[in-house]
Structure formats: structure tokens, C-alpha cells
Amino acid sequence: MSNQDTQRSLQNVLSAKQVVTDPVELITYEVDAGLDRGTPAAVALPQTPDDVVRLARWAAANNVPLIARGAGTGLSGGAVAERGGIIVSFARMNRLVELDARGRSAVVEPGIANLAFDDLAKKQGLYFPPDPASQRASTIGGNAGENAGGPHCFKYGVMVNYVTGLQIVLADGGTRRVGGRAYDYPEYDFAGLIVGSEGTLGIITSFDVRLVRNPPGVKTMMAVFDSVEQAGVAVSAVIAAGLVPATMEMMDRNITRIIEEYAHAGLPADADAVLIIEADGYPASLDTQIEEIADIIQANGGRDLRIAQSADERDRIWLARKSAAGAMTRLAPAYYLVDVTVPRSRLAETLAQVNQVFNRYGLRVGYVFHAGDGNLHPLILIPRPDDRELIETAVRAGRETVEIGVAKDGSITGEHGVGIEKREFMAMMYSGAELAAMWDVKQVFDPRGLMNPGKVFPTKMPEVARRLPTADRRLPGDIFAPATAEEAAQGLVELGKAKRPVYISRQSAVGGRSAAVVLSTSALCGIKKFAPEDLYVTVGAGTPLADVQQFLEREKKLAPLASPWAGATIGGIVASNLNAPLRMRYGSIRDLMMCATVVLADGRVIRAGRPVVKNVAGYDMPKVFVGSHGTLGLIADVTFKLTPLPRARRTLLAPVDDLARGLEWAGKCLPLALVASAIVLLKNSKFDFRNSKPVVSEVGPFEIPISNLQSPYVLAYSAEGIREDVAAELDQVKQVLRASGAPTPIEVDAPSGTDLWMALLGDSSAQALRVRVGVAPKDLSAYVKAQTAPLESGAFLADVASGLVYAVATSEDAARARAWVDALRKPALSAGGYAVVLNAPETLRGALDVWGYQPQTLELMRALKARWDPAGILNSGVFVA
């Protein structure tokens, strides 16, 4: 179809005011903020999700590509119509659909600007942390396409960490709800794959995002160093001291001088490196944090410290950092911005090598760094943008920079994305098997290649050496315990050929599946790599969590994971995606997991992700294995982000006589949560709060002054972090409880809210039936009050911040158990949530519908499983797929 035919046909789908066809106007859409160009046949400006659906159906019928576009601030050509087609601009779908202050969440359309949304959230005392440099103009949709980060991602994470659900239009015009307002839906985490996919899997029409409390205080400091290496050592020393600043930004000598000549921000002309550190939290902790950071900085060679004493001074410091791009354009009409991420501890050595590259090519360059997360940005001046040879030289130098980063186990892009610019670099970072696994995802979502074609994947995909059965067909025995990923891969190929069902477990038997092979992870164990300076650990999947936590505690580090069950393994925790209440402080399992080695059932071994904070090279593959219950592949090892051990951990325990009042008090406490690690309301007959005995559990005993807790329920509010922050927050909670008429809480070191969760679910009673209910956090209180009868028939714990309810009952009667589960499930489903059975007595297995939930993406889940497990041997019947 010619461009003219396309334009005429498109105007039958959308109104004339929603279609741009004028050649002059189309010039605006030929580029984003990068170097690549492409002319679209037209630009569509949908105003509603239905417009997008009609557009996608039209495009599918006419075989026309669609390229989603936000504000055009991307730097990798991701929103450029290189192969023609229709650019779908979301400039008119820019509404804040809902801002839920009570549940700390929002629903937004893709065209709303990042900063505008964050400003609206802050008016409610909330904060949306992803803050790319382009946030004044860039949109939430564009941020999601690139999985944007920004200066604050070291502490707060990137875009994917805040998206809980989305509405997507597929290439055939079908719509799917992925995830939602509740947490931990029983489905593959396609939201984690779609965020960062650069519009290649579908077009997002709305986002469900979570928010956090806006920190009540912030303090900013700038320091000068005699070398970038010296500044890098200081950054590592700050982290080693157990401090987690909100951001740590670095600039080298060249960019410092360029910026000062442009912005007159007061930067020292003799500085070889400038470091900007910002701490946030309660005002009571800020002076202490900054003073300690200043001492560390000075002990590691920092000088001329400048601590902002006012908002104006803080703005002047940040003016310097944010003026980098503008300062470069003063010296040349264009520049080429490189984006590469390496482990934080290797930043200085990377810079030294990269400098040699630019010196060899005779290019003038300045550097800005997100020092906290190892993200390096060389800005190469382009004085003659029409000089093709100069452009090619800059790109060649950029490629060598990326090669250096990849050699250090880094990423080809930390935040700008792959797009057109870096698609040929993908084979530099990923093996043929890894790229093929990503291509499988693309084929499941967009088999005809209409969604943003030509992006992310190299033009020539590397060969994939398929693993074949051995000549003598040595089948693993009934218990298969491989010691390496390669051994597991060969065994799975043999078992797939023989159509032998396989169930993954650390144990040597799997109940009720006598004909199956048990793939035991017991030999895939141990600490594979511990990188304290980069705050990560790589662990074999069969390693018990308790062993990992004991090791890390000796090193004064924490992997913020918990399990109710003794002997729980790292692989099992990831595969089940069972998140403890402490997720509200540190993030969920999907947020903590940086990368993993996974063995697919067809014999491919892939390394999903890399051990860096920011990696937007291709699809975020680790996410899809979290909560997949072993149906997509065998997790061989996992790399987790670590955090310093908190300096203080305290919990308030308040007795509650009336359930409705307890929920009311918990709801009033939630807006205070800044360093809270749990807000839970517990009813448990095992913990008899009306006697004088200490509470005893598998994670206890907990010595509690029970005389103060003579009530059927207890509200627990846990906080951890900097001592002054913990004290300030708990003081605020006490004031709110007092004003609400609640009894005076007691303050203890233990149990924490997570301890109580572990004790409830870890009850070893063989007859216990355990259910997890998920609803939007804003709906939790109403749900619990409406389901009082079935909840009160046993024990339960409400995780207030996460919208999760854990209910435990005792029953051996199948009909009665089904009725109890249904009484919890049906209203949860009606509210857009779910209810799943976590454990059931042996006598009830097979009598209960464990999941009771059908994802809208079910056919996509099955299609992906078929590509990675073509023989269908892995964990059959274990999960909804």
C-alpha cells in the first residue's frame, strides 16, 4: 500500500483531526532525540483506548507497522519509523485516570508527562521515583517503553519496579489486562517483559502504578576530588558504611569546566571530579546522614564540601548537573551521548579505558555518571553534524565504549534503550540462545512483526546450537540432581525426547507423581559470587535461604527475602513468588532479582539479565521466571540486589478488640510509611494474646509483655533503617494511634510484622489449609470487613500495604473446604483480585481448585511455554498455564 493509499484508508478509521499527513508536519516525527531518521506514512493521535484498538485492527488488516511514541525524547531511535508505517502519538491520551492516595497507587494514560504526574502525586504526599533527565517532557508511556530510571534509581529503582499492571493492545487489535491493581497475580509476569520492550510487543493504553511516600526532608552535598578514581572509592566507602543515599552523581573535569562556562553554577575550575550526593528521610536523620557521609568523603580524599543550606542552594547544585546537555550544545550544534552500565566498583577503570578510546580517535568528550548505579554517559561533541565521517567515527568510538562495558559484565544500555542505535550490539552482550529466547517472546506477542519493527533485535540473529540427545540415550533416573546448568540441559533434552514428565524440587520425591522424574536442585547450591562493593550476591537455586541469610549477616548485608518454611530454597522462593510484608520497604522478589541462569526444557541455557542496577538491553527476562512455578525452565542460579543491614529495627504492637477499628487504625498509619517494613493486622488463635505466655513459633520465641495485648487481634507496625528515621516514624505512628483512640502500643525488637507472617504460615499443622487473597491495597479494608465470617473461622493476617490477606483454616471435609475457599475467592475476583490456595492437607489435594483465576493472557502464557518447553514436560499441572 502506497503512503497516499495508507493515508486515505487511515482517515476511515480516525477523524481527520486525529491524523497527520502533511509532509511538512511529518518532518517533526522523523526523528527522536537521537541520530536515526525515518519518515512515517502518517501520524495517528488516538484519544481513547477504543481508537487504539480500531487502529491496530486496521493495521493488521493492511499489514502496516505501528510505532508508539511519547514525547520523542528517546535517544536510541526507538520511536523512529525507520521502515515506514504509522506513528501512534499519545499526546491526546494524557489523563490521570485515578490517584488513589489511600492505596498509594494511580492509573494513568501513556501520554501524561512524568514530572506533571509526579507533581500531582506530591500534592497528596506521594512520590513517583523514576526521574529521567527528560522528565519535564518525557511521558509515562515513553518511560515504560525504555524502562526509564534517573538519578534516584540507585535507592528507589526504575520504571518496572512501579508498574503493577497495564492494559495492552496487541498487534491483532485484541486487548489484554496484564497484572492489575493487586500484587502478585497468579500469571506470568508479562508486565515485567512489556515494560522496557520499546513498543515491540504491543501498545499500552493505561498503566497501574504504585507510589511511595514523598520523603519529608532532603539534603544535598557537593564534593571535589582530585580524580574520578578517588571519587569512585569514596562512593564505595559510603555504601560500605551502610548508608543508602537517594542519589550519587559524578562529573569529570571536562564536563565540569564546560558546565561552569555555560551555567555559572559555582563549580570549582580545578576539580578533576565532582560528586553530588543527596540524602533523604526525616529531618531528624538528615544532619546525621550528611555529617557521616561528609566524614567518609573527606577520609577518602574529598575536599571543598558544599552542603546546601536552603532549597535555592540545592537548586544551584542540581543546576550544574542538569545543565550538561545544554552546555554541550553551546560548544557544538550536536553531540552523541553514549549510555553504558558497569558494576559500580569498575566505573573508574572503565573510564580510564574509555578515555584511551576517545583520545585515539581525537574526539572531545565530557562525562556524567550515575555513580551509585555504575551508569556512564560520555557526551561526544559533534561540531559538524553533516560530516558523515565524523558521525561514523563517534559511533565507532561509542561501540568500543560499549565493548569495554560488556567485558566487565555490564550492559550495552542502562537507560536509553536499544532501538535502532544499539540493535547490532545485542549479539555482543547476549548469546544466540539468549537472543532466541527473546525472539520467542516477540513471536508470541507479535508474530507478524507489526509492532515497532526493526528495533531491539540485530538484523542478523546469531546461530543457536541446538542440543541433541546423546547417541546412547542415557536417560536420567527417577531422581535427577544435576550439578551444573549444562548437565541439567542435557538431561532435560533426553527427558523431553522420551516425553517423561519432570517436576522440579529440592526434595527427592514429589507427592502424587510417582511416574515422574524429580529434578532435584540439591546439587545446584552455594554462594557463587559475593560482590559487597556492588551490593549483589549470586546463589545456586538449591541453596536454603537460611544459609544465604547467615552468610550475609556475617558480612553485614541483607537480601530482603523471607519464607515461612524452614528449608525453603532460593529457587523455590523465586518460582513461587511468595513475598513477605517487608516488600513494602525493599521491593518484591521481582524487584530484587537482577539476573538468573535458566535452563529451558529444549536444552537452551540462558543468562537472563546482568548484575547491574540498570539494564535495558532487550526484554527484562528475569521477571517472567518469577512466579512461573517451574513451568518455563529450571532456575540454576539467581543474582539478588543486596542492601546494608539496617542499623535499627523496631516494631510497635497495638492490641485491637474490634476488627473494623483495627483496619481503620492501620489505614491511618499507612500514609506515614517511609521506612516501614510491615503494617499487618493479625488474628491468630495460636497466639493467645490474653494469656501470660511468650509467643512461640518457628521463628521465635518472642518475649512480648502479653498483659498489654489482651485482645483478639494485634496491629504490628515495623520500621527499619537509619536509627533516627525509625525513631521519627514510630513516634508519628504513636501520635496517630493516640489521636485515633487506639490503646498505647508496646515497642519491641521482635517480632516484626514479617516474623508474625512467617509464624502464621509456617504453622506445621498437617491439617492447615492456607489461602492468599490479593486485592488492590485501597480495597483491602472493605474486603476484610465484608469477609469477616470466613476469615474469623480460622486465623488470618492482613498485609495492609500490599493488599494481601493470608487466611488459615483447619478442615478435612472437601465440601466444607471448597465452600470456605469460594467464600474468600468470589468477592476477591469481583474486586479485580484473586485468591489462591498456598497449602492444603493431603486429603484435600485434588479436591480444590488451587488457582481459581484465569488470566487474560492465558493463551500467551501457553504459547510461550510451548516455545520453551515444546514437549510439555516441566511441572505439568502445577500452574495455571
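The values are calculated or read from the model by the stated rules, or taken from the named source; none is laboratory data. Model, not experiment: these values are computed from the prediction. Don't worry about glycine lacking a Cβ; one is built from the backbone with ideal geometry, like all the others, and counts go over all protein chains shown. With ligands, DNA and RNA removed, areas are computed over all heavy atoms of the protein, side chains included. Shrake-Rupley method; radii C 1.70, N 1.55, O 1.52, S 1.80 Å.
Worth pointing out:
- Of residues in segment 655-670 being in contact with a helix residue (DSSP H, G or I) (Cβ under 7 Å, 6 or more places away or on another chain) and open to solvent by less than 80 Å² (accessible area, probe 1.4 Å), the one farthest from residue 782 (Cα to Cα): 655
- Subset of segment 245-255 that is touching a residue at least 60 places away in the same chain (Cβ under 8 Å) and not in a strand (DSSP E or B) - its residue that is most open to solvent (accessible area, probe 1.4 Å): 254
- Criterion (touching a helix residue (DSSP H, G or I) at 6+ places or on another chain (Cβ under 6 Å) and either aliphatic (A, V, I, L, M) or modelled with pLDDT under 95 (or both)) met by exactly one of 249, 198: 249
- Among the candidates 196, 217, residue that is touching an Asp or Glu at 6+ places or on another chain (Cβ under 7 Å) and at positive phi: 196
- For segment 175-192, the criterion of being touching a helix residue (DSSP H, G or I) at 6+ places or on another chain (Cβ under 6 Å) and among the small types (Gly, Ala, Ser) is met by at least one residue.
Let's see how each residue does on (1) surrounded by fewer than 21 Cβ atoms within 10 Å (Cβ to Cβ); (2) within 30 Å of residue 244 (Cα to Cα):
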residue: 717; (1), (2): no, yes
residue: 736; (1), (2): yes, yes
residue: 739; (1), (2): yes, no
residue: 762; (1), (2): yes, no
residue: 771; (1), (2): no, no
residue: 785; (1), (2): yes, no
residue: 813; (1), (2): yes, no
residue: 816; (1), (2): yes, no
residue: 819; (1), (2): yes, no
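Matching residues to (1) open to solvent by 10 Å² or more (accessible area, probe 1.4 Å); (2) modelled with pLDDT under 95; (3) among the hydroxyl-bearing types (Ser, Thr, Tyr):
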position	(1), (2), (3)
243	no, yes, no
257	yes, yes, no
263	yes, yes, no
272	yes, yes, no
277	no, no, no
282	no, no, yes
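- Residue check, residue 777 over 30 Å from the mean Cα position of the chain (by Cα) and open to solvent by less than 30 Å² (accessible area, probe 1.4 Å): no
- Among the residues listed as 436, 407, 465, 427, the single one being surrounded by fewer than 23 Cβ atoms within 10 Å (Cβ to Cβ) and without any contact (Cβ under 8 Å) to a residue 12 or more places away in the chain: 407
- Taking the numbered list (1) among the basic types (Lys, Arg); (2) open to solvent by 10 Å² or more (accessible area, probe 1.4 Å); (3) within 18 Å of residue 74 (Cα to Cα) in turn, residue 422 passes all entries but (2).
- Conditions (1) aliphatic (A, V, I, L, M); (2) touching a residue at least 24 places away in the same chain (Cβ under 8 Å); (3) open to solvent by 20 Å² or more (accessible area, probe 1.4 Å); number of the one not met by residue 835: (3)
- Sole exception among (1) among the β-branched types (Val, Ile, Thr); (2) touching a Lys or Arg at 6+ places or on another chain (Cβ under 6 Å); (3) within 30 Å of residue 426 (Cβ to Cβ) for residue 290, by number: (3)
- Considering residues of segment 530-555 that are open to solvent by 10 Å² or more (accessible area, probe 1.4 Å) and either assigned to a helix (DSSP H, G or I) or without any contact (Cβ under 8 Å) to a residue 24 or more places away in the chain (or both) only, the residue farthest from residue 565 (Cα to Cα): 554
- From the list 351, 376, 347, 331, the one residue that fits, being in contact with a strand residue (DSSP E or B) (Cβ under 7 Å, 6 or more places away or on another chain) and open to solvent by 50 Å² or more (accessible area, probe 1.4 Å), is 331.
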